[in-house]
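Engineer: Next up is a structure, given as structure tokens.
The values are calculated or read from the model by the stated rules, or taken from the named source; none is laboratory data. The model shown is predicted, which means the values in this text are computed figures rather than measured ones.
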Amino acid sequence: MMVRFRTDAATIWADCTLQRAYQSGANQIAIGASGLDLYSRDETGRWRWAGATRTNSPQIRQAIVDGLVPGEREYALY
């Protein structure tokens, strides 16, 4: 799933609960299977990785990025 949004927030938080304990597979670690990845569009229009969550429990409540420079940006959360 992917969610796109725009914000001028200095901090972007994740607050979600996984349906079951975080999963990992034979070829994928838990953060890739159950974590969240945040990307931001830069001034040239290219998508850049901005941050990710740590998955150490089914409850994800943490800042993905903090201390952002002021200004509205477009984000994509996977």
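Engineer: When segment 5-30 is examined, which residues are found to be assigned to a strand (DSSP E or B), modelled with pLDDT of 65 or more and over 14 Å from Gln62 (Cα atoms)?
Structural biologist: Answer for segment 5-30, where residues must be assigned to a strand (DSSP E or B), modelled with pLDDT of 65 or more and over 14 Å from Gln62 (Cα atoms): Phe5, Arg6, Thr7.
Engineer: Right, here's the next one. Within segment 63-78, does at least one residue satisfy the condition of being at positive phi, among the small types (Gly, Ala, Ser) and modelled with pLDDT under 95? Break it down stepwise before answering.
Structural biologist: Going residue by residue through segment 63-78, those that are at positive phi are 67, 71.
Going one step further and asking which of them are among the small types (Gly, Ala, Ser), we end up with 67, 71.
Subset that is modelled with pLDDT under 95: 67, 71.
Yes, segment 63-78 has at least one match.
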